[in-house]
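Here the structure comes first, spelled out in structure tokens, and everything after it is commentary.
The values are calculated or read from the model by the stated rules, or taken from the named source; none is laboratory data. Quantities reported herein were computed from a predicted structural model and do not represent experimental measurements. Don't worry about glycine lacking a Cβ; one is built from the backbone with ideal geometry, like all the others, and counts go over all protein chains shown. Note: accessible area is taken over every heavy atom of the protein model, side chains too, but ligands, DNA and RNA are not part of it. Shrake-Rupley method; radii C 1.70, N 1.55, O 1.52, S 1.80 Å.
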Amino acid sequence: MPRAPFQILVVPFRRVGERIEFAVLRRQDMDVWQAVAGGGESGENPQQAAVREACEELGLDRTIALYPLQTTASIPARFFADRDSWPAGTYVVPEYAFAADLTDVEIKLSDEHTAVKWLDYKAASDLLRFDSNRTALGELHERLLADDLPRPVE
């Protein structure tokens, strides 16, 4: 199925007592640390793609709540192999961010990743490779501290 011209990002978090931890994943193909990331498939909207990617990459056996974040980014289209199938004049694609509460949820990484680390905000931010991941993580951290998560997507 052709890839749609948008990207999603899902920042997993969990509550451990009074602490909040964030999951960062090491990509197998690039040896960098990131959140769950992927592209939409033809016919999907960003929310549907985020649910699918989170389930695939984290090996989830049930649907989890996803919370839309305000963070967006733009990624140059030249980085995507499917660019030739997109409308002419597509030079950047939007990236939409979400958060996933994985408290008491067991994950099993897909082959796309070689490791996962559950870290506090600072350690996770320091390890993440991409600016958009750090921005989404920062927004989520602030929202959790303020007890201000948006309504989950349906």
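Observations on the structure shown:
- Residue count, region 124-154 (criterion: open to solvent by 30 Å² or more (accessible area, probe 1.4 Å), at pLDDT 95 or above and of a type in the set (A, V, I, L, M, F, W, C)): 5
- Every residue from region 108-122 that is open to solvent by 40 Å² or more (accessible area, probe 1.4 Å) and not polar (S, T, N, Q): Lys108, Leu109, Asp111, Glu112, Val116, Lys117, Trp118, Asp120, Tyr121, Lys122
Per-residue answers, yes or no, for (1) farther than 21 Å from Leu144 by Cα; (2) in contact with a strand residue (DSSP E or B) (Cβ under 9 Å, 6 or more places away or on another chain); (3) not small (Gly, Ala, Ser):
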position: Gln7; (1), (2), (3): yes, yes, yes
position: Pro12; (1), (2), (3): no, yes, yes
position: Arg19; (1), (2), (3): no, no, yes
position: Ala35; (1), (2), (3): no, yes, no
position: Arg52; (1), (2), (3): yes, yes, yes
position: Ile64; (1), (2), (3): no, yes, yes
position: Thr72; (1), (2), (3): no, yes, yes
position: Pro87; (1), (2), (3): yes, yes, yes
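- Annotation: Glu53 fulfils all but one of (1) within 11 Å of the chain's Cα centre (by Cα); (2) without any contact (Cβ under 8 Å) to a residue 12 or more places away in the chain; the unmet one is (2).
- Region 37-154 holds no strands (runs of 3 or more DSSP E) entirely within its bounds that carry 3 or more residues that are under 21 Å from Arg26 (Cα atoms) and among the β-branched types (Val, Ile, Thr).
- When residues in region 38-50 are screened for being open to solvent by 20 Å² or more (accessible area, probe 1.4 Å) and either of a type in the set (Gly, Ala, Ser) or within 10 Å of the chain's Cα centre (by Cα) (or both), 2 of them pass.
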